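Presented below is the structure to which this report refers.
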Amino acid sequence: MTEVLERPAPAGGHGHEEHGPTGILKWLTTTDHKVIGLSYTVTAVVMMVIGGAFAEIIRGQLSSPNGTLVSLAQYNELFTMHGSVMIYLFAGPFAFGALANIIVPIQIGAPDMAFPRLNALSYWLYLTGSITMLSGFFVAGGAANFGWVAYAPLSSSVATPGSGADLWIGGLLLTGFSAIFTGVNLCATVFYLRAPGMTMFRMPIFTWNLLVTAILILLAFPVLTAGLIMLYADRHFGTHIFSVAGGGVPVLWQNIFWFWGHPEVYILALPFFGMVTEIIAVFSKKPVFGYKGMIFATLTIGALSLGVWAHHMFTTGTVLLPFFSIMSLLIAVPTGIKMFNWIGTMWRGQIWFSTAMLMAIGFLITFLVGGLTGIYLASPPLDFFTHDTYFVVAHFHSVVMALVLGAMGGLYYWGPKITGYLLNERIGKIQFWFLFIGTQVFTLPMYLLGLRGMPRRMAIYPQHPSWQYLNDWATVGALMIGVSTILFVVNIVYSWKRYPAGDNPWDGHTLEWFTSSPPPHHNFYRLPPIRSERPTWDYNHPEHRALEHGHHEPAVDGSVK
Amino acid sequence: MRTEARVLLGLGTFFAIMDAVYWFWSKEDAGGVMIIAGTLLCFLPGLYYFWWSRRMRPRPEDDPHAEPAQGAGVVGTFPGTSIWPFTLGMASFVMVLALVFGVWLVVPGVALMFWAVVGATGESRRGGQH
């Protein structure tokens, strides 16, 4: 029979925050992964709103061919900072700093992250890095304006002399180190702080995905940091690593940047894959279909991700097209396995269409569109045709908007665990429809624009009737996404401490639903025996507890199903 | 410990094979070197874990039949509150601002960083604040 045993307070017992500082001093001095994770979440959502505001201005400018909302120079700053804020300051830190920080230690039954003070340092580097990058708007010459990829020679001191570019580099150095420290912390936590019985193949998929993400961070981010130092040296110390004038190679920057940049795509995506896996399983009232297949698919994506970087550089004429094309196309296989498993998890389940589940289904559809168009772009002949057009912009916006849907799903799903209170479901569902339909109205016209030849990164475009109305539709979609963001803020204000959640509002599977909402300091007063990847479900439903992988319950007549 | 080792060694082996193919096919230096670095980054901890996994008894978290009580006792040392991560973060901030606003900022940056490192080390020795 299942029995719960007390697990004595870990860690020599000191550091109970009940007696610790309060208010701002608590925020400054905390080493609790939940408080740090919440700081990450709030900061990342603020960054999403800032980046989203830039996007609305960009779409406003493009709603007419000769838009006059901003000047050409301001437009360059806006699209650069929109991309930078969204990728470096929102998507990444939200993926591996925010929910991961709060949920991963609880999912594996750990009292905290392995290195709590390093965790706090990660947050401070992220916050100061964000401030550094954004402060470019307040210096003479304005913020960085060379695109979020900072291609040489556009990023050289000749083409971009202002200090906005240096602040961009400095901000990225700080957030880069923040990511590396978080990667170290996540690996160590998963390897060393699991609860008894929590073997590697019993970890929730979300934790598995974060482990692979952390390994990818450690593989990729140091390369970016090294590249940034070289770029700074080129700008200020007279080196010529990326400038032809002194014998350097501008394409080397692209190699270094994308060697980080493509694993980064999976660093962003894998945590959200994990979130929707958890959400779909819980709201279908079924275990994850193909649990081990899911893990091997994640590991395969991680393995392949180091060999695909130059598919961003097909048109440079300096890369081995067949190698990168084959490797990029191969990524479709594990991703397809995941897609199949998500549908398999829902298959014949008792689906509860909560806001979180709707967001997860919206993720699947939107990610499918983004993923399939990615397969086109992995083929060099098609890429030559669409490179640097709105087709590429539409492709990656389908992908990242799918991640936003996943992020919202994660916030609706885990929010009650973090705060102790549910969000309003009705407002949540209205938010979902604005976000989901807005995303499609926003991205689908951009695919057509790309196929009709509209290049990216232009502030004005020729009077061309078929470009005009497609741009108008994209702007309408962007406004709908803006409305959905406002609805999210409205929902937080409206639901503030209104709907107490209880410990386990969704009848969850994993350990975070075993502890209280919000969890106590060091997370657990007791732990259930861990006999499968669904310990909380096994404890709450002993008649339906999970069997070993590959074993099935005998049917009533004694035969094995 | 064995699964952890296998994950890292498996990734490292894949990178090694991929790098061999890439290197001989493309003759391109930058990517080849970066994948070698990735391979080593997987093999270094992977081999360490593999070495240990053959010498230690399975930990409770590696035992599929472990009871929660087996994890009782001291898990590790977790500091309570600490001001030093914030101090170190601000020191790094000042150092990065020195890249933009002038080398003189390195002086307060290094001083603050030194203070934070000394403070954090002292705190570790004392076992954190209660």
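The values are calculated or read from the model by the stated rules, or taken from the named source; none is laboratory data. Just so we're clear, the structure is a prediction, and the values are computed from it rather than from any experiment. Virtual Cβ from ideal backbone geometry, glycine too; neighbours counted across all protein chains shown. Keep in mind that these areas ignore ligands, DNA and RNA; they rest on the heavy atoms of the full protein, side chains included. Shrake-Rupley method; radii C 1.70, N 1.55, O 1.52, S 1.80 Å.
Some points to look at:
- Computed with every protein chain present, the accessible area of A:LEU329 is close to 70 Å² [probe 1.4 Å].
- Largest accessible area first, the listed residues B:ILE17, A:ILE169, A:ILE180 line up as B:ILE17, A:ILE180, A:ILE169 when surface is computed with a 1.4 Å probe on the assembled protein chains.
- Distance from segment A:371-432 to segment B:75-130 (C-alpha centre basis), Å: 37
- Computed over the Cα atoms of the protein assembly as shown, pair by distinct pair, the Kirkwood hydrodynamic radius stands at 26.0 angstrom.
- In the assembled protein chains, B:TRP25 presents an accessible area of approximately 120 Å² (probe radius 1.4 Å).
- Helical mean residue ellipticity (222 nm; -39500 (n - 2.57) per DSSP H run of 4+; nearest 500) of the protein assembly as shown: -21500 deg cm²/dmol
- Of all segments of chain A bounded by GluC sites (Glu not before Pro) found in a DSSP loop with no more than 12 other C-beta atoms within 10 Å, the longest spans A:4-547.
- Label-to-label distance for B:TRP115 and A:SER64 is 5.6 nm, based on points extended 7 Å past Cα in the beta-carbon direction.
- Applying the criteria of a DSSP loop state and at most 15 other Cβ atoms within 10 Å to the trypsin sites (Lys or Arg not before Pro) of segment B:1-51 yields B:LYS27.
- Taking amide H atoms as placed 1.01 Å from N in the peptide plane, the amide H of A:TYR421 lies under 5 Å from those of A:ALA501, each 5 or more residues away in sequence or on another chain.
- The residues B:ASP62, A:ASP388, B:ASP29, sorted by heavy-atom accessible surface at 1.4 Å with ligands and nucleic acids left out, run B:ASP29, A:ASP388, B:ASP62 from largest to smallest.
- Dipole magnitude for segment B:1-121: computed about the Cα centre from +1 point charges on Lys and Arg Cβ and -1 point charges on Asp and Glu Cβ, it is near 240 debye.
- Note on B:VAL75: accessible area is roughly 50 Å² with a 1.4 Å probe, heavy atoms of protein only.
- Counted charge near A:HIS397, where neighbours are those whose Cβ lies closer than 12 Å (Asp, Glu -1; Lys, Arg +1): +2
- Chymotrypsin sites (Phe, Trp or Tyr not before Pro) restricted to segment A:321-390 and DSSP loop, no more than 16 other C-beta within 10 Å: A:TRP347, A:TRP352, A:PHE353
- At full extension, A:PHE384 and A:ARG526 could sit 45.3 nm farther apart than now, given 0.36 nm per residue minus the alpha carbon distance.
- With a Förster radius of 30 Å applied to the beta-carbon distance between A:VAL493 and A:MET458, the computed FRET efficiency rounds to 0.20.
- Convex hull per residue volume in Å³, alpha carbons only, for segment B:2-64: 68
- Gain upon complete extension [A:VAL46, A:HIS544; 0.36 nm per residue less C-alpha separation]: 175.1 nm
- Taking only the Cα atoms of segment B:84-126, the ratio Rg/Rh comes out at 1.08, with Rh defined as the Kirkwood radius.
- Here each label is just a point 7 Å from Cα along the line to Cβ, and for B:TRP52 and B:GLU67 those points are 2.7 nm apart.
- Checking the Cα-Cα distances for A:LYS285/A:LYS429; A:LYS26/A:LYS417; A:LYS34/A:LYS429 against a 24 Å cut-off, the pairs over it are A:LYS34/A:LYS429.
- Assigned charges on the beta-carbon of Lys, Arg, Asp, Glu; segment A:482-533 dipole about Cα centre (debye): 160
- 3J(HN,Hα) along segment A:52-62: x, 5, 4, 4, 5, 5, 4, 5, x, 4, 8 Hz, from the Karplus curve 6.51 cos²θ - 1.76 cosθ + 1.60 with θ = phi - 60°, whole Hz, x for Gly and Pro.
- Cβ-based charge dipole, chain A, positive-most Cα from A:MET480, A:SER516, A:SER305: A:MET480
- Largest to smallest principal axis extent of the C-alpha atoms in chain B, angstrom: 55, 49, 19
- The charge dipole of the protein assembly as shown, taken about its Cα centre with unit charges on the Cβ of Lys, Arg, Asp and Glu (plus for the first two, minus for the last two), comes to roughly 280 debye.
- Integer Hz, Karplus 6.51/-1.76/1.60 couplings in order for segment A:37-45, x for Gly and Pro: x, 5, 4, 4, 4, 4, 4, 5, 5
- Proximity of backbone amide H atoms, modeled 1.01 Å from N, is registered between A:THR389 and A:ARG456 at under 5 Å, excluding neighbours fewer than 5 places apart on the same chain.
- Nearest-0.05 FRET efficiency for B:ALA37 and A:PHE137, computed from C-beta distance (R0 41 Å): 0.70
- Per-residue ³J(HN,Hα) for segment A:435-443, Karplus 6.51 cos²θ - 1.76 cosθ + 1.60, θ = phi - 60°, Hz, x for Gly and Pro: 5, 5, 5, x, 4, 5, 5, 7, 8
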